[in-house]
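Visitor: One structure follows; several queries about it will come next.
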C-alpha cells in the first residue's frame, strides 16, 4: 500500500466531515506505524484536499507548524524557502543549491532529508495555490514556486540554467510583471 492509499484509507475509517488536528494526528500515527515513515500534516492535508475533503485550515496550519518545530532542525535557507516571495526566490534557491552541493560533497545523508523537506515545501506551496480564499496573485505565485521546486527536485544540477531561462521568458514577464 502506498502512502497516499494509506492516508485515504485512514481518512475513510475516520469518517469525519472535515480534517483538523485530531484527524491529522491519527493519520500520521497510522503512516508511522504501518509504513515506518514520517509525513507532515501539510502533506496529508494536500492529499485529502485533492480528494475533495474539507479542511479546517487554521487547525491544519497550527498542527503542521507544531510538527515541524518538533521534528525539524532546519538550516536558515529552508526556513526562508517556506516563506520566500517570488522576487526573493532566485537568491534563496541559489543558497539551496549551495547547501545541496555541500551535502553531496560531504557524502552526508542529509541530502535525502533535504530533498524530502523541499518536497514538503513544494506540497505546502501547492496547498496555498489551491486555496480559493486567497487572492489570485498569491495563488499564482505559490503555483509558480511549486513548479520551480518541482524542477529543482527532478534536476537540481540543471536548475540554475532552467531558472535563468524561465525568468527571461516572455510569458513569465507578462504574468508576473518582471522586466
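Visitor: Got a sec? Which of 27, 47 is outside the structural domain of residue 113 (by TED's automatic domain parsing), crowded, with 16+ Cβ neighbours inside 10 Å and within 20 Å of residue 129 (Cβ to Cβ)? Steps first, answer last, please.
Guide: Working: 27 fails: within 20 Å of residue 129 (Cβ to Cβ).
One residue alone meets the criteria, 47.
Visitor: Show the residue pairs that are 6+ apart or on different chains and have beta-carbon atoms under 9 Å apart, the first residue being within the stretch 108-120 and in a loop (DSSP other than H, G, I, E, B), the second being modelled with pLDDT of 75 or more and loosely packed, with under 15 Cβ neighbours inside 10 Å.
Guide: Listed by first residue and then by second, the contacts come to 108/102.
Visitor: Inside the stretch 50-73, can you point out the residues that are in contact (Cβ under 8 Å) with a residue 40 or more places away in the chain, surrounded by fewer than 16 Cβ atoms within 10 Å (Cβ to Cβ) and not in a helix (DSSP H, G or I)?
Guide: Within the stretch 50-73, 51, 72 qualify.
Visitor: Then there is this: All but one of (1) in the same structural domain as residue 150 (by TED's automatic domain parsing); (2) in a helix (DSSP H, G or I) hold for residue 85, so report the exception by its number.
Guide: (2)
Visitor: Could you grab me the full set of residues in the stretch 152-165 that are buried (at least 17 other Cβ atoms within 10 Å of the Cβ) and either assigned to a helix (DSSP H, G or I) or without any contact (Cβ under 8 Å) to a residue 12 or more places away in the chain (or both)?
Guide: First pass over the stretch 152-165, keeping only residues buried (at least 17 other Cβ atoms within 10 Å of the Cβ): 152, 156, 159, 163.
Selection gives 152, 159, 163.
Visitor: Could you tell me which numbered condition residue 8 fails, if it satisfies all but one of (1) in contact with a helix residue (DSSP H, G or I) (Cβ under 6 Å, 6 or more places away or on another chain); (2) assigned to a helix (DSSP H, G or I); (3) in contact (Cβ under 8 Å) with a residue 12 or more places away in the chain?
Guide: (1) is the only condition that residue 8 fails.
Visitor: Can you name the residue in the stretch 11-35 that is free of Cβ contacts under 8 Å to residues at least 12 places away in the same chain and part of a helix (DSSP H, G or I) and is also nearest to residue 61 (Cα to Cα) among such residues?
Guide: 22
The values are calculated or read from the model by the stated rules, or taken from the named source; none is laboratory data. What you see is a predicted model; the values in this text were computed from it and never measured. FYI the Cβ positions are ideal-geometry reconstructions off the backbone, even for glycines, and counts take in every protein chain you see.
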